[in-house]
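Have a look at the structure below, then the notes.
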Amino acid sequence: MDYSVIADAYEKIEATTKRLEMTDLLVDLLKKTPKDVMAKVVYLTQGKLYPDFMGVEMGIAEKLAIKALSRASGQSETLILSELQKNGDIGQTSEKLLAKRKQSTFFSRKLTVEHVYETLDKMAKTSGSGAVDTKMALLCSLLTDASPNEAKWIIRTVTANLRLGIADMTVLDALAIAYGGGKESRELVERAYSISSDLGRVADVVVEKGLDGIKEFQVVVFEPIRPMLAERLASPEEILEKFGGKCIAEYKYDGERVQAHKKDGKVVLFSRRLENISSQYPDAVELVKEKFDAKEVILEAECVAMDLETGDMRPFQELMHRRRKYGIEAAIDQYPISLFPFDLLYVDGKDLTLEPLPQRRKELERIIKKTDRVTPATHKLVKSPKELEDFFEEAIAEGCEGLMCKSVGKDSVYQAGSRGWLWIKYKRDYKSEMTDTVDLVVVGAFHGRGKRVGTYGALLLATYNDKTDTFETVTKCGTGFTDKDLATLHETLQKHIIPKKNSRVVSLMQADVWFEPSLVLEILGAEITLSPIHPCAMDSIRKGAGLAIRFPRFTGKYRTDKSPEDATTSKEIVEMYRGQLKKISESPATQKG
């Protein structure tokens, strides 16, 4: 398959902001793609070579890309940097400069998808002495053979900045339409993706075997299952009403959610973003090896920093000191952890994701060898608002964030990758002011003034709308950032800068700088109000009005454990707003005497 076919399709997709048109263009591309390269095309469209959990990255910094471009184009690095500063996009810079290259290459070859993919794969897997020179030579060979437009997309791919605006959900829609008989098969295709986290493998199966193959998709150890997510409600009464009068309430620990896979003595830990974090928690790996009596296991647990002398839980921020490449042994001593398993998804050949929660929990209890370091998440079957409220207070007293309330009905399956009413978060009592934090996605920024010149003065933050797969702005935040935060954010967000608003971002404000949705920050505000300028949950309370967070403040917590799609949803903001109104109406000040 000619690589130009992909490049042309990407060009058309980038040119539109209409989601349906993007999907149609992607359907056309997938229909043109031969079966034997389908997975490669899907991965490249995701901006990667393999699923995330395999941890394979191309590892090409912009500086190295500039050197390769200089060699391929015959232009100086100084000129390339100057051009890059003008447009902010190394892809466009490559396209422009290669269109003016000083001499044509008489022996250039026509690029195919297979050749591009294989070359990128070699680059990603090259390591050790001389790796930088080898990567540069490989990239330079591609750029030399590429047309200007092909070079644009190759450079964007290797620098992990594709800027297509296509989410995984759009790819699933396109696969369902192109090979599943229509969008109505999307749910089946998404289920396969949710239990494998491998969009390329899903594409191969649906192309080769159709929906019959998709229906036979199985959970596989060491392929992480996309985590189930929860809704949020403001009171015990509302929660129990949703669950028909009873539920399991479980401590919501202030730790890192991990998915542990064990087979043949090997253990791999995945974060909620499906990154392999085993190297950061070698002590947790050993606990999983030793304390679960099964040959094959996939389970979920909360990994919590502990004071082993007192048994007290320590805050999430201390646990994040474990997220490092070096000094792991010292960090283990300084920030020891305990595991609190809360769900079992697979055991010894049996997929439990379609079993109700009570059955999954029974199996979990059966295989755990309990110790001080490994004990099931504290939970209780509750049947009244008072029981739930009392258990909530107990959880808070123990150092937890609140409770996770879970259905115990026959339909209480594990909804991989979905957010639904089978799990409900109950964190703190909502009053007329916001007392609970929210996790918001950085989608834009405004230039700083005065002391903040050269950094960002404020960030434009958004919630996630899981119905439309978009990010809706909800506030502009410039408070709570230290000088160190401002410098860190400026540097961290540089690689996510895009020339125009991302197609998945819904905003009525015009930011000075736009970003790919990537970074999640914890925010606390004064209250949630109706807003004509923020489209979060637009029209849900009043026609023509969205919801906004007043007087937001950064808490100092970077939610690196969360993907943008794990952020607080627009629906949760609606529930918090309604909870505020309810509290205000019930307060003594508003009651008639």
| query | Contour minus end-to-end for Val408 and Tyr50, with contour as 0.36 nm per residue of separation and end-to-end as the Cα-Cα distance? | reply | 125.2 nm
| Using only Cα atoms, what is the ratio of the radius of gyration of region 106-216 to 2.2 N^0.38 Å? | 1.34
| field | Per-pair calculated FRET efficiency, R0 = 60 Å: Asp212 and Glu491 via Cβ, rounded to 0.05 | value | 0.75
| request: Work out from phi, with θ = phi - 60° and the Karplus expression 6.51 cos²θ - 1.76 cosθ + 1.60, the ³J(HN,Hα) of each residue of region 225-232, listed in order in whole Hz, and give x for Gly and Pro. | output: 8, 5, x, 6, 10, 10, 8, 9
| Cα pair distances exceeding 21 angstrom across region 1-116, given as percent | 52
| Chain lengthening between Asp8 and Lys467 when straightened (0.36 nm per residue, less Cα-Cα) | 162.3 nm
| remark: Rh (Kirkwood, all Cα-Cα pairs) for region 229-426, Å, reads 17.3
| request: Mind jotting down the three principal axis lengths of region 438-585 based on Cα atoms? Whole angstrom, largest first. | output: 44, 30, 29
| query | Gln359 versus Ser279, label points 7 Å from Cα toward the beta carbon: distance in nm? | reply | 4.0
| If contacts are Cα pairs under 8 angstrom and at least 6 residues apart, what is the relative contact order of the chain in percent? | 12
| Efficiency of FRET between Lys63 and Asp28 - r from beta-carbon atoms, R0 45 angstrom, step 0.05 | 0.80
| said: Students often forget the sequence filter, so: which aspartates and glutamates lie under 12 Å Cα-Cα from Lys63 once same-chain residues fewer than 8 apart are removed? | reply: Glu77
| Exactly which GluC sites (Glu not before Pro) in region 151-250 are in a DSSP loop and have at most 13 other Cβ atoms within 10 Å? | Glu216
| note | Simple SL model, points at 7 angstrom along Cα→Cβ for Glu393 and Ile541; separation in nm is 3.0
| Computed log₁₀ I(q)/I(0) - Debye formula, equal Cα scatterers, no solvent, the chain, q 0.06, 0.08 Å⁻¹ | -0.34, -0.61
| message | Sequence gap at least 6, Cα distance under 8 Å: using those rules, report the relative contact order of region 438-585 to the nearest whole percent. | response | 28
| said: Could you tell me the calculated FRET efficiency between Ser129 and Tyr326, based on Cβ-Cβ distance and R0 = 25 angstrom, to the nearest 0.05? | reply: 0.80
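Here, each number is a calculation from the coordinates, and none is a lab measurement. No experiment lies behind these values; they were computed from the predicted model shown. Please note: Cβ atoms are built from the backbone with ideal geometry, for glycine as well, and neighbour counts cover all protein chains shown.
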